[in-house]
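Every number here is computed from the coordinates shown, using simple stated rules; none is lab data. Given the structure is predicted, the values throughout are model-derived calculations rather than measurements. Virtual Cβ from ideal backbone geometry, glycine too; neighbours counted across all protein chains shown.
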Amino acid sequence: MRNRNVVVMRVCLLTAFHASWTKQEVSILRELGHVVHLLYPGEYISERVYNIPVVGSICAHAKLFLMNMRVLLSSDLIYCWFVFPSGVFAMIFGKLFRKPVILTAIGSDVALVPSIQYGAPSKSYYRSLISWALNNATMVMAISRDVAFWAERWGGRDINVVYEGIDTQKFRPLEIDESEEDHVLLTVSVLDELNVKRKDFESLLFSFPQVLSAFPSAKLVIVGRKGEGYRILRHTVRKLKIENNVIFKGSVSDCELIELHNKCDIFVLPSLHEGFPTVCAEAQACGKAVISTDVSSIPEVIVDHETGLLVRPRDPRALAAAINTLLSNSVLRKKMGEAGRKRVIGLFSKIVRKKKIHEALARVRKQSSFPRRQERISE
């Protein structure tokens, strides 16, 4: 063990949602030696105004800033996931107290896909706020080139593309006895109504009878918390009479999820839009071939006919044909899975993101004037 001196920053990490990527970002910042305070507006939402969209958000962020004023004033940097709404409030505070602000665009905060009711910019009166935040941030990062495109559309400049980071030590191939009888397809998503529409799981279900005609024992495993979308999918499953071949797992632990990735033959996500297809990258990290759609950021992660297959969106026949192609060729599946893991390690791993975040913070530190603190950390 040896020690080295690093410049420590006090970072307020503001995020609209608690999620796996929030925990990972805290982990990355702390591994880089910085002091991190995680701020989450959801903890400050009053039940009286919860269902009033604009009022609820204003009240939650106002209370968050008031309750954490000392921490915010002593911070060197406000680091915000989501340009809207949290990024707008972060920028207001940053302007008032001359704090540098990094905004990370993740997709729904800047993208606009009216056909699936996706994106904050769908409300025209939000667009000026999004543009103001993007124009005034010290730095804007995006989790994919597609998200960067949307951020630039609303006025962002010099967008830094820093892909989400997959923990390839956790998501990895395991020595697991795979079933020789059943062919297993896996997909993952929270099953609320909007998510089910955006992931287009109905097309996946409508493709499955064609898969079963070629592989009668095939199973489709759907992992994710059961919301209103679950009831919609259950109705479709009954209508198609495929109840014996579709398994709804509900929420599972990370260990269970990794095991399911390793047990499946193919990971399938027929999504209509993804800011970054995290679940696809996690499947690739586990050495699995992936079938998805050729939309938004997905082709940035999946290379067609190299790490998986890409099909047109909303096309159950094309989806079924792709599934049948890979189910009938285990050699090709293995080759694609190996190529996919190499791609994730090289471009989308936590290690790669950590390096990019370190470089981004160094640039912000040079641009901004705040005290340089030296602390000793173990290495």
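What angle do you read, to the nearest 10 degrees and between 0 and 90, between the alpha-carbon axis of helix 350-367 and the longest principal axis of the chain?
Approximately 20 degrees, to the nearest 10.
How would Leu103, Leu13, Leu185 line up from fewest to most surrounding beta-carbon atoms within 10 angstrom? Could the numbers behind the result be given before it?
Numbers: Leu103 34, Leu13 22, Leu185 25.
Lowest to highest Cβ neighbour count: Leu13, Leu185, Leu103.
Based on the Cα coordinates of region 76-149, what is the per residue volume of their convex hull in Å³?
Numbers: hull volume 5.5 nm³, N = 74.
Roughly 75 Å³ of hull volume per residue.
Per residue, what volume in Å³ does the Cα convex hull of region 184-347 take up?
On the way: hull volume 15.5 nm³, N = 164.
Taking the convex hull of the Cα positions in region 184-347, it is 95 Å³ per residue.
If amide hydrogens are placed 1.01 Å from N in the peptide plane, which non-local residues have theirs closer than 5 Å to the one on Ile291?
Placed amide hydrogens put Phe267, Val268, Leu269, Leu309 under 5 Å from Ile291.
Could you calculate the contour length gain from Ser115 to Arg30, that is, 0.36 nm times the residue separation minus the distance between their Cα atoms, to one decimal place in nm? Walk me through the numbers before you get to the answer.
On the way: separation 85, 0.36 × 85 = 30.60 nm, distance 3.99 nm.
Once the chain is fully extended between Ser115 and Arg30, it gains 26.6 nm.
Would you please give the residues with an amide H less than 5 Å from that of Ile106, counting only those at least 5 places away or on a separate chain, with H modeled from the backbone geometry?
Residues meeting the criterion, in which the H sits 1.01 Å from N, are Phe82, Val83.
With an 8 Å cut-off on Cα pairs and a minimum separation of 6 or more residues, tell me the relative contact order of the chain in percent. Show your work: numbers first, answer last.
Working: 742 pairs, mean separation 64.2, N = 379.
Worked out over the chain, it gives 17 percent.
Please identify every one of the GluC sites (Glu not before Pro) in region 224-328 that sits in a loop by DSSP and has no more than 13 other beta carbons within 10 Å of its own beta carbon.
Numbers: sites: Glu228, Glu243, Glu256, Glu259, Glu274, Glu282, Glu300, Glu306; in loops: Glu274, Glu306.
Answer by residue number: Glu306.
Which pairs in the list Lys197/Lys239; Lys241/Lys263; Lys63/Lys170; Lys23/Lys366; Lys226/Lys356; Lys170/Lys219 are over 29 Å apart, alpha-carbon to alpha-carbon?
Going by Cα-Cα distance, Lys63/Lys170; Lys226/Lys356 fall outside the 29 Å limit.
On full extension of the chain, what length is gained from Ile45 through His18, given 0.36 nm per residue of separation minus the C-alpha to C-alpha distance? Numbers along the way, then the final one.
Working: separation 27, 0.36 × 27 = 9.72 nm, distance 1.42 nm.
8.3 nm is the gain from fully extending Ile45 to His18.
Calculated from DSSP H runs of 4 or more alone, at -39500 (n - 2.57) each and per residue, what is the 222 nm mean residue ellipticity of the chain, nearest 500? Let's see the in-between values first.
Details: 15 runs with 169 residues, N = 379.
Mean residue ellipticity, 222 nm, calculated: -13500 deg cm²/dmol.
Say R0 is 25 Å: what FRET efficiency, to the nearest 0.05, do Lys239 and Asp304 get from their beta-carbon distance?
On the way: r = 32 Å, r/R0 = 1.27.
Rounded to the nearest 0.05, the efficiency is 0.20.
Ranking Ile28, Ile357, Ile166, Ile232 by Cβ neighbours within 10 Å, fewest first, what do you get?
Working: Ile28 20, Ile357 23, Ile166 28, Ile232 16.
Starting with the residue having the fewest Cβ neighbours, the order is Ile232, Ile28, Ile357, Ile166.
What full-extension length gain, to one decimal in nm, is calculated for Glu338 and Ala362 as 0.36 nm per residue of separation minus the Cα-Cα distance? Please list the in-between numbers first.
Details: separation 24, 0.36 × 24 = 8.64 nm, distance 3.44 nm.
Working it through step by step, the gained length comes to 5.2 nm.
State to the nearest 20 debye the size of the charge dipole of the chain about its Cα centre, where the only charges are +1 on K and R beta carbons and -1 on D and E beta carbons. Numbers along the way, then the final one.
Values: 52 positive and 38 negative charges, 289 e Å.
About 1380 debye.
Below 8 Å between Cα atoms, with a sequence gap of 6+, how large is the relative contact order for region 184-347 in percent?
For region 184-347, the relative contact order is 24 percent.
Can you tell me which of 71-79, 36-44, 199-207 comes out highest on packing, and rank the rest after it, using the mean Cβ neighbours within 10 Å? Mind showing how you got there, number by number?
Values: 71-79: 20.3, 36-44: 16.7, 199-207: 23.1.
Per-residue Cβ counts within 10 Å, averaged per peptide and sorted highest first, yield 199-207, 71-79, 36-44.
How much of the DSSP bridge set in the chain is antiparallel, in percent, rounded to the nearest 5? Provide the component values of the computation, followed by the final result.
Details: 7 of 49 bridges.
Approximately 15 percent, going by the DSSP bridge assignments.
Rounded to whole Hz and in sequence order, give me ³J(HN,Hα) for region 20-37 from the Karplus expression 6.51 cos²θ - 1.76 cosθ + 1.60, θ = phi - 60°, writing x for Gly and Pro.
Per residue, the Karplus-derived 3J(HN,Hα) values read 4, 6, 5, 4, 5, 5, 4, 4, 4, 4, 6, 5, 7, x, 8, 8, 10, 10 Hz.
In a Debye calculation with equal point scatterers on the alpha-carbon sites of region 62-192 and no solvent, what is log10 I(q)/I(0) at q = 0.16, 0.19, 0.21, 0.22 Å⁻¹?
Taking Cα atoms of region 62-192 as identical point scatterers yields -0.85, -1.05, -1.18, -1.24.
What nm value, rounded to one decimal, do you get for the distance between Ser122 and Lys170 when each label is placed 7 Å out toward the C-beta?
Reported label-point gap for Ser122 and Lys170 is 3.0 nm.
Using 7 Å Cα-to-Cβ label points, what is the Lys355/Arg312 separation (nm, one decimal)?
According to this spin-label approximation, the distance is 4.0 nm.
Per residue and in cubic angstrom, what volume does the convex hull of the Cα atoms of the chain have?
Numbers: hull volume 54.1 nm³, N = 379.
Per residue, the Cα convex hull of the chain comes to 143 Å³.
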